[in-house]
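J.: The structure follows.
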Amino acid sequence: MISLAASVRNRLRYIVSYLRERSRGLDFTLPDRMYDRRRHDGAMYYATAPEVLADLFACVDSARYDRFLDVGCGKGFVLKAAAEQGFRAVGGIEYDEKLAAICRRNMARLGLDGRVRVIRGNAADFRGYGGYNCFYFFNPFRPEIMAAVVDAICRQCRGRDVLLIYYHPRYTEAIEEAGCFRLMRVLRDPARDYDVFIYQGVIPA
C-alpha cells in the first residue's frame, strides 16, 4: 500500500518531469488512455519509473539479449532508455494511433528515429517478433491478448534464447503455460507498489 507521503512525492515528480519534457518538446510523462477511445474501456499509459528501468537494465545482458522490443510501447519512454543502453536493435509496437504518433515525435525530437523502430499495429498479429530476443511488457493487454502474443513469440522465435520482462505482471499464465520460461528475477517498483518479473527461456525448435 502506497503511503500518502509517497503519493505526494510521485505527483511532484511527475509535475517536474512534465515541465522538463515540455521545455524540450517531449511528451513521455503524462498518463493517457489507451486502446478504444470511443468506448473508454482501455487501460492507461504510464511511463515506467527511471530508477526501476535502471535496475531492470542492470539485470539484462545486452550482449546476449541484444535486440529489444517494447510490446505496447506507448509514448516511448522505455524505448529511449533502451536506446541509451546500447542494444543492437530497439523497436516498439503500439496499437493506439495517438500514442504511436507521440512516440514517433519523441524519438524524432531526441534524434533516435533512425535507431528506434516504432510500429503501429496489433501486437497479436505482429510478424516481426523473430527479429528480437528481449521483450518488455508494462501490463499492456487483457489475458487473451497476452496469450496470443506469447504464442506468437514462441512460434516466431523457435530455437532461440529469449528474455521476457513483465512489469506489473497480472496475467502470467500464458508465460508459465508455454513451458519453456523460468522466472529468473523479481524486481520491485516501490513507488507504485508493482513487481517486475524477468523470465528467461530457450524456445523449442
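The values are calculated or read from the model by the stated rules, or taken from the named source; none is laboratory data. Here the structure is a predicted model, which means the values were calculated and not measured. Glycine gets a Cβ as well: all are built from the backbone with ideal geometry, and neighbour counts include every protein chain shown. Keep in mind that these areas ignore ligands, DNA and RNA; they rest on the heavy atoms of the full protein, side chains included. Shrake-Rupley method; radii C 1.70, N 1.55, O 1.52, S 1.80 Å.
J.: Of the numbered conditions (1) over 19 Å from residue 167 (Cβ atoms); (2) part of a helix (DSSP H, G or I); (3) charged (D, E, K, R), residue 51 fails exactly one; give the number of that condition.
T.: Every condition holds for residue 51 apart from (1).
J.: Next up: Please determine, by comparing only the residues of the range 140-156 that are touching a strand residue (DSSP E or B) at 6+ places or on another chain (Cβ under 9 Å) and in a loop (DSSP other than H, G, I, E, B), which one is surrounded by the most Cβ atoms within 10 Å (Cβ to Cβ).
T.: The qualifying residue surrounded by the most Cβ atoms within 10 Å (Cβ to Cβ) is 140.
J.: Now for a different question. Just name the residue that is nearest to the chain's Cα centre (by Cα) out of those in the range 66-77 that are modelled with pLDDT of 95 or more and open to solvent by 10 Å² or more (accessible area, probe 1.4 Å).
T.: The selected residue is 67.
J.: Moving on. Please go through the range 108-122 and give me each residue that is farther than 19 Å from residue 132 by Cα and either in contact with a Gly (Cβ under 6 Å, 6 or more places away or on another chain) or part of a loop (DSSP other than H, G, I, E, B) (or both), ordered by number. Talk me through it step by step, then tell me what you get.
T.: Taking the range 108-122 and keeping what is farther than 19 Å from residue 132 by Cα, we get 108-111.
Within the range 108-122, 109, 110, 111 meet the criteria.
J.: Would it be correct to say that residue 108 is farther than 27 Å from residue 154 by Cα, open to solvent by 40 Å² or more (accessible area, probe 1.4 Å) and either within 11 Å of the chain's Cα centre (by Cα) or not β-branched (Val, Ile, Thr) (or both)? So that I can check it myself, show each step before the final result.
T.: On the way: farther than 27 Å from residue 154 by Cα: yes; open to solvent by 40 Å² or more (accessible area, probe 1.4 Å): yes; either within 11 Å of the chain's Cα centre (by Cα) or not β-branched (Val, Ile, Thr) (or both): yes.
Yes.
J.: So which residues in the range 123-132 are in a loop (DSSP other than H, G, I, E, B) and open to solvent by 50 Å² or more (accessible area, probe 1.4 Å), if there are any at all? Walk me through it before giving the result.
T.: Our first condition is that a residue be in a loop (DSSP other than H, G, I, E, B); within the range 123-132, this holds for 126-128, 132.
127, the sole residue that qualifies.
J.: Mind counting the residues in the range 79-101 that are in contact (Cβ under 8 Å) with a residue 60 or more places away in the chain and open to solvent by 10 Å² or more (accessible area, probe 1.4 Å)?
T.: So in the range 79-101, the residues in contact (Cβ under 8 Å) with a residue 60 or more places away in the chain come out as 95-96, 98-99.
With open to solvent by 10 Å² or more (accessible area, probe 1.4 Å) added as a condition, the list becomes 95, 98.
Number satisfying all stated conditions: 2.
J.: Follow-up. Does residue 80 satisfy being touching a helix residue (DSSP H, G or I) at 6+ places or on another chain (Cβ under 8 Å), part of a loop (DSSP other than H, G, I, E, B) and of a type in the set (Lys, Arg)? Before the answer, list the steps.
T.: Numbers: touching a helix residue (DSSP H, G or I) at 6+ places or on another chain (Cβ under 8 Å): yes; part of a loop (DSSP other than H, G, I, E, B): no; of a type in the set (Lys, Arg): yes.
So residue 80 does not fit the description; no.
J.: Look through the range 168-202, keep the residues that are under 18 Å from the mean Cα position of the chain (by Cα), aromatic (Phe, Trp, Tyr) and closer than 20 Å to residue 68 by Cα, and return whichever of them is surrounded by the most Cβ atoms within 10 Å (Cβ to Cβ).
T.: Among them, the one singled out is 199.
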